[in-house]
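To start, the structure under review is shown below, and the notes come after it.
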Amino acid sequence: MTRSQRRLHIRLWSVLGPLILLGFVMALANRPPVLIHTESQDARGGAAASTLP
Amino acid sequence: MRGAERQHQPFLELTNRRAIAVSVEYITVQWNRHKRIYDACVAGGIAVYLGAFFAVGKTLYTAPNAISDEILAMRALGTCAFLLLNIILCIGPAARLDRRFLPLLYNRRHLGVATFLVALVHAVIAIGFYHGFGNVNPFISLLTSNTNFNSLSAFPFQILGLLALLILFLMAVTSHDFWLKNLGAPAWKRLHMLVYVAYGLLVMHVALGFLQNQRNPWLVVLVGTGVVTVSSLHLIAGIRERRCDERGKRCSQTSGTHGGEAWVDVGSVDDIADQRGSTVTIGDGERIALFRSNGGISATTNDCAHQGGPLGEGRIIDGCITCPWHGWQYRPADGQSPPPFTEKIATYRVRVVGRRIEIDPSPLPPGTAVEPACVEENRNG
């Protein structure tokens, strides 16, 4: 690599590396709570069907 | 794909000695044994990964938690492309830190094109599966169905993946020496640095998409390890290069002048093995490659005309300086590629005083003939 490319490279990664890590951590920190599916459509449909005359 | 890995590569066997490079005329791809082995390993590795992912996925996700083949394929291809991109980005700095990684660098462009193709199939399946069953055009649906740009947890992560895919497409179509030649090495290199932006977009694509609904901590650890490894390797290699530049700057400042001319002492002839090269840094970080061949010392710029490869880390093969990255060659005496090739690199005036090598730090125009400094005469004298 030429001198200018070497300089550009280290400057780029000095910024890009921490930025990607920060974005990654922020994305994980803002994850929604886990949804626990206790009832399926089938089960609900089955229950509703059982009330039909 | 490649057009001009030519001449004599140090670790491969060139099968077509009459092959003509892009510098002479345009040829799509020149295959050789090393390339075939490299590409077979890449294709085989991808096939094994996808097959293993499918087998493990089918075993782990059984009824009632079974997932469809389309989703499994999407995940297999997506993780494969992401893994390949991590590997690609590690090869460059790893090769700068340890020469044993150089063979991986040789055909890295093929790995890049393979990554784009895997990512493309992932995108086609994803767009078809999630946006292809409505009345709206799948691409319009992709771009308009989710506009929660203010929310991290509901961010339209697919758009990040699409942008990264567009950059990878740009990389793939220009991954040929035809474009390198026409754009010029500096512009081509800068264009291909966009792959770092694509990597950032893909990390966020994964973090804001797949990882939002997955609670397996190992997935987070794996992706995080990849990001830290890629960033650290680039920074470590960059810091090492900068230290090398600064060391050379100090060294050249203390060398002084001899006889009113700006000759710079750059070391002993005994530091360079016969038919080998060495790199010295002078002035404002300018790197010069020194070569010892047939009892003579020659000096050229350290930057290969192809992709700026470190010529000083190469060696003399068939009487020519051979770049360790892609095997481009130059004659030590004048910095010109042997016929029919036309590339030229800058040369430097060099002399040997006692056992010390001195160079004039002003580069001569590319292709200028310079008589190699004779080592044996000085030893005898």
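Does B:PRO186 qualify as being within 11 Å of chain A (Cβ to nearest Cβ) and out of contact with any helix residue (DSSP H, G or I) (no Cβ under 8 Å at 6 or more places or on another chain)? Step through it out loud before you land on a result.
On the way: within 11 Å of chain A (Cβ to nearest Cβ): yes; out of contact with any helix residue (DSSP H, G or I) (no Cβ under 8 Å at 6 or more places or on another chain): no.
No.
So which residues in the range B:213-226 are buried (at least 19 other Cβ atoms within 10 Å of the Cβ) and either more than 26 Å from the chain's Cα centre (by Cα) or more than 9 Å from chain A (Cβ to nearest Cβ) (or both)?
Pass one, the range B:213-226, residues buried (at least 19 other Cβ atoms within 10 Å of the Cβ): B:223, B:226.
B:GLY226, the sole residue that qualifies.
For the range B:91-118, what are the residues that are small (Gly, Ala, Ser) and more than 11 Å from the chain's Cα centre (by Cα)? Give the derivation first.
Filtering the range B:91-118 for residues small (Gly, Ala, Ser) gives B:92, B:94-95, B:112, B:114.
Residue satisfying the conditions is B:ALA114 alone.
Condition (residue is within 15 Å of B:THR229 (Cα to Cα), in contact (Cβ under 8 Å) with a residue 12 or more places away in the chain and among the hydrophobic types (A, V, I, L, M, F, W, C)) applied to the range B:98-118: is it met by at least one residue? If you could, list the steps in order and put the result at the bottom.
Going through the range B:98-118, the residues within 15 Å of B:THR229 (Cα to Cα) turn out to be none.
For the range B:98-118, residues within 15 Å of B:THR229 (Cα to Cα), in contact (Cβ under 8 Å) with a residue 12 or more places away in the chain and among the hydrophobic types (A, V, I, L, M, F, W, C): absent.
Looking at the range B:145-255, what helices (runs of 4 or more DSSP H) fall wholly within it and have at least 3 residues that are of a type in the set (Ser, Thr, Tyr) and free of Cβ contacts under 8 Å to residues at least 60 places away in the same chain? Show your work before the answer.
Working: elements: B:157-173, B:177-183, B:185-192, B:194-208, B:217-255.
The qualifying helices (runs of 4 or more DSSP H) are B:217-255.
Does any residue of the range B:22-37 turn out to be at pLDDT 50 or above, more than 23 Å from B:THR322 (Cβ to Cβ) and crowded, with 16+ Cβ neighbours inside 10 Å?
No, the range B:22-37 contains no residue that is at pLDDT 50 or above, more than 23 Å from B:THR322 (Cβ to Cβ) and crowded, with 16+ Cβ neighbours inside 10 Å.
Would you check which residues across the range B:277-311 are assigned to a loop (DSSP other than H, G, I, E, B) and under 14 Å from B:ILE321 (Cβ atoms) and list them? Break it down into steps so the answer makes sense when it comes.
If we filter the range B:277-311 for residues that are assigned to a loop (DSSP other than H, G, I, E, B), which is where we start, we get B:283-285, B:294-295, B:302, B:304-309.
Across the range B:277-311, the qualifying residues are B:ASN294, B:ASN302, B:CYS304, B:ALA305, B:HIS306, B:GLY309.
Looking only at the range B:146-165, count how many residues are at the interface with another protein chain (Cβ under 10 Å from one of its Cβ atoms) and not aliphatic (A, V, I, L, M).
Number satisfying all stated conditions: 4.
The values are calculated or read from the model by the stated rules, or taken from the named source; none is laboratory data. Source: prediction; values computed, not measured. Please note: Cβ atoms are built from the backbone with ideal geometry, for glycine as well, and neighbour counts cover all protein chains shown.
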